[in-house]
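These notes are about the structure you will find just below.
The values are calculated or read from the model by the stated rules, or taken from the named source; none is laboratory data. Quick caveat, the model's predicted, so the values are computed rather than measured. When we count neighbours, we look across all protein chains shown, and the Cβ atoms used for this are built from the backbone with ideal geometry, even at glycine.
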Amino acid sequence: EPEVTQTPSHQVTQMGQEVILRCVPISNHLYFYWYRQILGQKVEFLVSFYNNEISEKSEIFDDQFSVERPDGSNFTLKIRSTKLEDSAMYFCASRDREGHGYTFGSGTRLTVV
Amino acid sequence: GNSVTQMEGPVTLSEEAFLTINCTYTATGYPSLFWYVQYPGEGLQLLLKATKADDKGSNKGFEATYRKETTSFHLEKGSVQVSDSAVYFCALRIQGAQKLVFGQGTRLTINP
């Protein structure tokens, strides 16, 4: 069964450093997403991406965040200057044009120290 | 706004017990409703879905019925197994919108 692959599974970074989280969505999917889950809290929507541009973003997704699909296969989330409160599990997801359900990756646990 | 509320966890049951995890929602439009499951160390997997009122989603012995009158989508299973131990998330997506709105998740532990 096709999978969404996320790397790394766990990343530790110093506060103020830039971090890039990587995702390889399912190859024929058209819509791409990032969600995050702070420990013990809800899974929260960050951003959706379609046709090489952001189609929707939440209030969490401020100027410190950016997304990119640099080569037609990878989908990345960049946090420019990490803060302690960015520590969370980050999930990538993708879906095709017709599907109601999303396919999620297994997540990257980001720890900012 | 749109939101999902799940019953507080954690929930601990014995094998073969009956399971109910409550989920209610608030939505400004006509949502599709979902249950996702997260097994230890894995990502979120779609368990079942329902796209309109009175639809019943089912998979792996789990069921949930879209109840518009009570704005609910409770997850049920008649006889749980140890392998059902996981975190369960209820979610909605408004028609025409991109994002899923999740509940807080319910951790289920099944003891042999």
Worksheet item: If you check B:19, B:13, B:47, B:33, which single one turns out to be over 17 Å from residue B:99 (Cβ atoms) and within 11 Å of chain A (Cβ to nearest Cβ)?
Response: B:47
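Against the definition (among the polar types (S, T, N, Q), over 11 Å from the mean Cα position of the chain (by Cα) and away from chain B (no Cβ under 12 Å)), how does residue A:66 come out, yes or no? Can you show your working first?
Working: among the polar types (S, T, N, Q): yes; over 11 Å from the mean Cα position of the chain (by Cα): no; away from chain B (no Cβ under 12 Å): yes.
So residue A:66 does not fit the description; no.
Each row is one residue, and each column tells you yes or no for (1) under 24 Å from residue A:90 (Cβ atoms); (2) within 14 Å of another protein chain (Cβ to nearest Cβ); (3) surrounded by fewer than 16 Cβ atoms within 10 Å (Cβ to Cβ); (4) at pLDDT 95 or above.
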{"position": "B:39", "(1), (2), (3), (4)": "yes, yes, yes, no"}
{"position": "B:56", "(1), (2), (3), (4)": "no, no, yes, yes"}
{"position": "B:65", "(1), (2), (3), (4)": "no, no, no, yes"}
{"position": "B:77", "(1), (2), (3), (4)": "no, no, no, yes"}
{"position": "B:97", "(1), (2), (3), (4)": "yes, yes, no, no"}
Fill in: Top-ranked residue in the range A:69-105 [being closer than 14 Å to residue A:27 by Cβ and away from chain B (no Cβ under 14 Å); ranked as surrounded by the most Cβ atoms within 10 Å (Cβ to Cβ)]
A:75
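Here are A:17, A:64, A:41: which of them is free of Cβ contacts under 8 Å to residues at least 24 places away in the same chain, in contact with a strand residue (DSSP E or B) (Cβ under 9 Å, 6 or more places away or on another chain) and surrounded by fewer than 14 Cβ atoms within 10 Å (Cβ to Cβ)?
Numbers: A:17 fails: free of Cβ contacts under 8 Å to residues at least 24 places away in the same chain; A:64 fails: surrounded by fewer than 14 Cβ atoms within 10 Å (Cβ to Cβ).
Result: A:41 is the single residue among A:17, A:64, A:41 that is free of Cβ contacts under 8 Å to residues at least 24 places away in the same chain, in contact with a strand residue (DSSP E or B) (Cβ under 9 Å, 6 or more places away or on another chain) and surrounded by fewer than 14 Cβ atoms within 10 Å (Cβ to Cβ).
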Worksheet item: Restricting the search to the range B:58-89, which residues are touching a residue at least 40 places away in the same chain (Cβ under 8 Å), farther than 14 Å from residue B:19 by Cβ and part of a strand (DSSP E or B)?
Response: B:72, B:89
Practice prompt. Check whether at least one residue in the range A:67-81 is within 22 Å of residue B:94 (Cα to Cα) and either touching a strand residue (DSSP E or B) at 6+ places or on another chain (Cβ under 6 Å) or without any contact (Cβ under 8 Å) to a residue 60 or more places away in the chain (or both), and report yes or no.
Written response: no
Item to complete: Identify, by number, the condition in (1) closer than 23 Å to residue A:111 by Cα; (2) at pLDDT below 95; (3) surrounded by 14 or more Cβ atoms within 10 Å (Cβ to Cβ) that residue A:23 doesn't meet.
Response: (2)
